[in-house]
Each structure stands twice: as C-alpha cells, then as structure tokens.
C-alpha cells in the first residue's frame, strides 16, 4: 500500500533528451531532400505540368486565342476528315506495330538463345536504337524511293521482276507519221500496206537514242537486199535516224542501225499466224506462209514502259511502309527486354517438360509464353505508348502529296497548329485527345511495375 502511494506521488519521468533531437534531424532531412528535389520539381512543372494545363485551357479558345468557344474545337476535331483519318491511322499503328514488335521480339529472343554468337547478334539488332528517328526517316525515305536507280527496295524488286518477266528495250520508240506504219489504240503498230509471201518490208522507227541501243545492235541492211522464198516474208526493223544528220526518211541508210530483239507478227484476218524476233541487224523472216496478203504488226509489248517497281510511298502503302521503318528501329528493344525475361525463367520447368516428351513448339506455346506473359505485357504497353506519339518517321518519310494519307494524331496536331493551319485552339484539342489516349496505358504500366516490385 505504501509502495503504491509512493509510486503515485512520484513526479512524471522527464522526456528523453534524444527525442526532440531526433525529430529535428528528421525535419532537417526532409528539408534537405526537398531542396534536392526542388530543381527536378521545378523542371517537371515548367516542362510538363504547365504545358499540359496551358494546352487544356487553350483548347477552349479560337484560333486567335481571344474568343472563348467552349467545346467547339473538340466538336470540330471529329468533323474534320483529316483528323478522322489521323485517328484511323493511329488506331492502325496501335494495333499493328506493338503486336508485330512483341511477336518479333519474342521469336528472336528465343532463337538467339540457340545461336552461338548471341551477343553479337543482339548487338546487331539493337544498333538501330542508336539511330535517331530523323536519320532513320531519311534512310528509309531514300530506300523507298520509286526510282530504281535510287531506292534500294525498288532496285531489288525490279531486278527480280526483270529476271522472270523481262522488259522492253524500246519504251520510247515510235513510228514516223506517214511512213508506212500506223499506230493502234493498244500501242502497237501495223503496216499500212499488206505484204504477200515473197515480199519484204522495211519498218522504220524513231525515238531511240543511239546510246540506248542494245550492245549487240548491228547496221541494218535494206529489206530489198534480203530475198524471200515463195512462202516467206522477210524484212528489217531499224532505227530511221542517221547519226550526225543526213539520210532519207523511210529508207534504210548505210549508217542506220537495226533494232534487235523486236517482236514482229504476221496477221491475217485479224489473227496472228506467225511470229518472229529480229536479229542483231534488225532482220526478221516468216516461213511456211500460205498465199495471200498479210499485215505486219509490231506488238505493244515492244514499247512497254519499263517496270518501275512498287509505289511504296503511295497512298495505299505509305502507312505500312512507315511501320516497317519503325519495326527496324524497335525490334532490338523488344528482343532485349523479352530476352532478359527469358533468362529468368525456371530451367527446371523446361527440362521437366522435355523429359515428359514435349517438343520445342509445345514447350514454347505452353510454358515459355505463359511464363513470359508479364514481360510481354509490359513490352506491348510500352510500345503502345510510344506509337501513339510517333511523329518524326511519319513527317519525314511520307512525301507531301500523301502526307494526309499517312498522318497520325501527333503529325496532325503539328500540321493544324504550325504546319499551315495556324489554329492552336484545334491543335491544343488534338493534344488533349492524345494525352487522354496515352494516360490509361501509362497508368496500366505504372501499376504493373508496382505489382512486380511487391
């Protein structure tokens, strides 16, 4: 009882002298941390927060920025055909590019594990990431050039086409007016006068530069000097042009060249009954003909324009072509990230599957892909965010006439605001739309990272 009274009567214990000092140190630490963070927060506010807030506010004003128009810019955004096309192209980018990149990255990451020089292979595929989008755009703008002498892709396509189809050697050739050959609507030429077996014909053409003649071309000889049998028709197809001037039109002069490789047809009653190809001196001969009159024809294939390849940057293919350039740059990024996830997979699960008799395709489909699902999701969402903001490649690669066919939201925002539209109100509305589309993907990625850290 006495002890209890003494305990209750004793004064309260004095606070520990280190308590206030600890609180002061913690406050001091927070102040120092804020001082270090303040420059970053200042930059973040100046470069991110302020522009976002300014753009949101500016989107409610007209082009001049003086008159408040409310949601008119947002309504106009969905009435403008160019903006609707930009939204459509952006949707194509979001669906196609990340899907292809994730798939390519996965396949390459799996295959690289089986390659002896895996590090060198990864370095080679990752190198385009070091190239700026500006430089990559210029590279692919040249690669996609329609001129086969400039564009490497069309040079390859034309080479393959000509190897199987061949091409005309005389796309510029034409007949002189009133000199024995008549042009047909299909691009062919026929003789004005019929020729009978035992006769000859001289078919003169112009429009071929001497430097463009085939290397095996020889001087032409007059058709009259070539005797023809009773069932034959002979002749010559020649360049009716004498270098240096002189010569007589419609007559084979001594310095005029034959046109080798020219296809000639003998036509009777509207049907082709014989075909011949001119030799090095331009001569040709039909044999085994029945009696009667024949029309000689130079088919349009002799004058067909050369195959120029594929219009990679035309309205139909410009978006896939630009996506191809994007794949070239980012495939290495997807491969490296997926490869890092692949390296963390439990090898015992893979070995157990092999021991159970599973083949490599079954292991890939049923074990590797499901275990890599979190990594594949992060890669896919990251690429979705990236393609929504693509600007450089589209602006540089797409030529001016098809710029509208290739435009995406980022390029449309720039074109409306600064590229001739001079309507910062509508451009700001497009920027806000792009921000709203990006935010869900960003939130998803942040949550995924937080879950993985836990």
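The values are calculated or read from the model by the stated rules, or taken from the named source; none is laboratory data. Because the structure is a prediction, the values reported are computed rather than measured. So basically every Cβ, Gly included, is an ideal-geometry build from the backbone, and we count neighbours across all protein chains shown.
Can you confirm whether the stretch 258-276 contains a residue that is part of a helix (DSSP H, G or I), out of contact with any strand residue (DSSP E or B) (no Cβ under 6 Å at 6 or more places or on another chain) and within 30 Å of residue 147 (Cα to Cα)? There is no residue in the stretch 258-276 that is part of a helix (DSSP H, G or I), out of contact with any strand residue (DSSP E or B) (no Cβ under 6 Å at 6 or more places or on another chain) and within 30 Å of residue 147 (Cα to Cα).
On the basis of being in a loop (DSSP other than H, G, I, E, B) and surrounded by 13 or more Cβ atoms within 10 Å (Cβ to Cβ), does residue 329 make the cut?
no
Right, residue 321: part of a helix (DSSP H, G or I) and either over 30 Å from residue 163 (Cβ atoms) or over 10 Å from the mean Cα position of the chain (by Cα) (or both) or not? The answer is no for residue 321. The number of residues in the stretch 201-252 being modelled with pLDDT of 85 or more, surrounded by 17 or more Cβ atoms within 10 Å (Cβ to Cβ) and not in a loop (DSSP other than H, G, I, E, B) comes to 12.
Being part of a helix (DSSP H, G or I) and touching a helix residue (DSSP H, G or I) at 6+ places or on another chain (Cβ under 6 Å) is the filter here, so list the residues in the stretch 101-121 that pass it.
If the condition is that a residue be part of a helix (DSSP H, G or I) and touching a helix residue (DSSP H, G or I) at 6+ places or on another chain (Cβ under 6 Å), then 101, 102, 104, 105, 106, 108, 109, 112, 118, 121 are the ones that fit.
With respect to residue 255, is the statement that it is more than 25 Å from residue 306 (Cα to Cα), without any contact (Cβ under 8 Å) to a residue 40 or more places away in the chain and part of a loop (DSSP other than H, G, I, E, B) true? For residue 255, the condition - more than 25 Å from residue 306 (Cα to Cα), without any contact (Cβ under 8 Å) to a residue 40 or more places away in the chain and part of a loop (DSSP other than H, G, I, E, B) - is met.
Of all residues assigned to the stretch 85-102, none qualifies as being within 26 Å of residue 409 (Cα to Cα) and at pLDDT below 85.
Quick check on residue 55: is it in a helix (DSSP H, G or I), within 33 Å of the chain's Cα centre (by Cα) and either modelled with pLDDT under 85 or within 23 Å of residue 423 (Cβ to Cβ) (or both)? When the stated conditions are applied, residue 55 passes them. From the list 349, 358, 373, the one residue that fits, being under 30 Å from residue 88 (Cα atoms), over 25 Å from the mean Cα position of the chain (by Cα) and assigned by TED's automatic domain parsing to the domain that holds residue 137, is 373.
Return the residues of the stretch 162-200 that are in a loop (DSSP other than H, G, I, E, B) and touching a helix residue (DSSP H, G or I) at 6+ places or on another chain (Cβ under 7 Å); say none if nothing qualifies. Those that are in a loop (DSSP other than H, G, I, E, B) and touching a helix residue (DSSP H, G or I) at 6+ places or on another chain (Cβ under 7 Å): 168, 170, 171, 173, 186, 187, 188.
Quick check on the stretch 80-94. Is at least one of its residues over 30 Å from residue 368 (Cα atoms) and more than 32 Å from the chain's Cα centre (by Cα)?
So in the stretch 80-94, the residues over 30 Å from residue 368 (Cα atoms) come out as 80-90.
With more than 32 Å from the chain's Cα centre (by Cα) added as a condition, the list becomes none.
No: zero hits.
Among the residues of the stretch 373-388, is any outside any helix (DSSP H, G or I) and crowded, with 16+ Cβ neighbours inside 10 Å? No, the stretch 373-388 contains no residue that is outside any helix (DSSP H, G or I) and crowded, with 16+ Cβ neighbours inside 10 Å. Taken over the stretch 417-432, the residue count meeting the criterion of being touching a residue at least 60 places away in the same chain (Cβ under 8 Å) and in contact with a helix residue (DSSP H, G or I) (Cβ under 7 Å, 6 or more places away or on another chain) is 9.
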